Amino acid sequence: MKSEEIKKLDREHIIYSWSVQGKVNPIAIDRAEGIYMYTPEGRRITDFISGLICVNVGHSHPHVLKAMKDQMEKFTYVSPSMTTEVKAKLGKMVSEVTPGDLDYVFFCNGGADANENAIKTARWFTGRHKIYSAWIGYHGATAGAITLTGDPRRWPAEPGMPGVVKFFGPYPYRCPFGTNDPEECGKKTLDVLKTQIMIDGSKTIAGIIVEPIVGTNGIIIPPKSYMKGLKEICEDNGILLISDEVMAGWGRTGKWFGIEHFDIVPDIITTAKGLTSGYVPLGAMIWNKKIWDYFYDKPFVSGLTYTGHALACAAGIANIEVYKNEKLIEKTAILGEYFTKKLNDLKEKHQSIGDVRNIGLWACIELVSNRKTKAPIAGYNDSIRNISGEISKRCLEMGLYTYCKWDQIFMAPPLIITREQIDESLEAIDKVLEYTDSIVKKL
């Protein structure tokens, strides 16, 4: 089928997420390989956002496809009450790369599911009901996970799940407490959080869930001292620390998991996306030993039809093998330094860039109308104007697919990308930024 035929059929039946249905105009993709996607007409598009920050090993990796085909020839699914070689093996492989004693895995369908089960775990384990989550953060679209979310995607779902309490995390470029120094920003946000917990009642709080690096709200990297302080708060008050690694995990930041940059070990990790690189939906909630010991003689009252799905587990095994065999974690850390340098070069060239943030192969360009005042161009939730649609359109015209919202351009290419491919992609963004520069000049 041609693109227009596919799109016509699609628009007659398919509901799209986060969208006004009458305005959806999807790109038809016929095949994908490596960092590239191809339309039915053969047009090549660079996937500079890894699908949705998940296709870490690249599209159509032969090792993953073979593992899936081999599993399909045996069986694809059995009851979750049964065990299989692939489920048991993947559980062991996950435990080998997680930090500390995070050795116990509950497989689920995706990241939101993992976070839902982390909420229940924290409440059952502690006997408390409150879950703290940051104002600037995203944790999924299911009922509990969207309540944890600290951006406008939460608004239509309110009032949401009871017991969720919001707090400010550090955002050094736009510190909520008025400082430009990252360490001071971290200290101030930590001091306010301590006071908030004291007033709210520490013995009512079951867990604090954080993205170790804030993802689709700006790739915000907290100071190490802040994360260490957050861990101390949890330990001092019997609160479980939950690290949402749905985006930050599986090499994206140059380490297996984002939390490893801060030399702390959480009580629970939730993850998905890069676990299978999106080849099959699969998520995981991972416990430490003290939680495992608690549930060893108590029921864990949760379940999913597809938990431990055999085909998904086979894809997970193959992905971890690719990460290891191709040394993608180590390569990402090294290539990330080059990526950061190239982004800073763009910042020097374009007056509409206020800040660039990158860790591993996970970056954000934050746009401003005035560097000195940090005034935005679009504003929070496009409160001033919408520029992201035009940025995305111009990128796509140059054969580059990425994710933009408000004043932010996000980049998260497959970890197999080369320096030359980074250069080519950033050349396109360089040209697109002429558009935002032109807006700034008119203001």
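The values are calculated or read from the model by the stated rules, or taken from the named source; none is laboratory data. What you see is a predicted model; the values in this text were computed from it and never measured. Virtual Cβ from ideal backbone geometry, glycine too; neighbours counted across all protein chains shown.
Does the range 395-416 contain any residue that is assigned to a loop (DSSP other than H, G, I, E, B), polar (S, T, N, Q) and either touching a Ser or Thr at 6+ places or on another chain (Cβ under 6 Å) or surrounded by fewer than 14 Cβ atoms within 10 Å (Cβ to Cβ) (or both)?
No, the conditions are met nowhere in the range 395-416.
Check the range 258-279 and report whether any residue there is among the charged types (D, E, K, R) and surrounded by fewer than 23 Cβ atoms within 10 Å (Cβ to Cβ).
yes
Could you count how many residues in the range 60-94 are touching a residue at least 60 places away in the same chain (Cβ under 8 Å), part of a helix (DSSP H, G or I) and within 30 Å of Ile242 (Cα to Cα)?
7
Considering only the range 316-333, I want to know if a residue exists there that is surrounded by fewer than 21 Cβ atoms within 10 Å (Cβ to Cβ), outside the structural domain of Gly110 (by TED's automatic domain parsing) and touching a strand residue (DSSP E or B) at 6+ places or on another chain (Cβ under 8 Å).
No: the range 316-333 contains no residue that is surrounded by fewer than 21 Cβ atoms within 10 Å (Cβ to Cβ), outside the structural domain of Gly110 (by TED's automatic domain parsing) and touching a strand residue (DSSP E or B) at 6+ places or on another chain (Cβ under 8 Å).
Are there any pairs, at least 6 apart or on different chains, whose C-beta atoms fall under 7 Å, with the first in the range 425-443 and outside the structural domain of Gly379 (by TED's automatic domain parsing) and the second modelled with pLDDT of 95 or more and surrounded by fewer than 14 Cβ atoms within 10 Å (Cβ to Cβ), and if so, which?
Cβ pairs passing all conditions: none.
Answer with yes or no whether Asp47 is assigned by TED's automatic domain parsing to the domain that holds Tyr138, within 28 Å of Gly140 (Cα to Cα) and of a type in the set (Asp, Glu).
no
So which helices (runs of 4 or more DSSP H) are wholly in the range 262-376 and hold at least 1 residues that are modelled with pLDDT of 95 or more and closer than 19 Å to Ile242 by Cα?
Result: 289-295.
If you take the residues of the range 1-37 that are basic (Lys, Arg) and not in a helix (DSSP H, G or I), which of them is nearest to Tyr279 (Cα to Cα)?
So the residue we want is Arg31.
Condition first: within 30 Å of Cys364 (Cβ to Cβ), assigned to a loop (DSSP other than H, G, I, E, B) and more than 25 Å from the chain's Cα centre (by Cα). Now tell me which residues in the range 38-59 satisfy that.
Thr39, Arg43
With Ile205, Ile221, Ile213, Ile264 as the choices, which residue is of a type in the set (Val, Ile, Thr) and over 20 Å from Gly186 (Cα atoms)?
Ile205
Taking the stated definitions as given, is Ala206 within 27 Å of Ala310 (Cβ to Cβ) and crowded, with 21+ Cβ neighbours inside 10 Å?
The answer is no for Ala206.
Going by what's in this entry, would Lys194 be described as basic (Lys, Arg) and either surrounded by fewer than 18 Cβ atoms within 10 Å (Cβ to Cβ) or out of contact with any Phe, Trp or Tyr (no Cβ under 8 Å at 6 or more places or on another chain) (or both)?
Against the criterion (basic (Lys, Arg) and either surrounded by fewer than 18 Cβ atoms within 10 Å (Cβ to Cβ) or out of contact with any Phe, Trp or Tyr (no Cβ under 8 Å at 6 or more places or on another chain) (or both)), Lys194 qualifies.
Scan the range 167-195 residue by residue and report those that are among the charged types (D, E, K, R) and closer than 18 Å to Gly218 by Cα.
Arg174, Asp181
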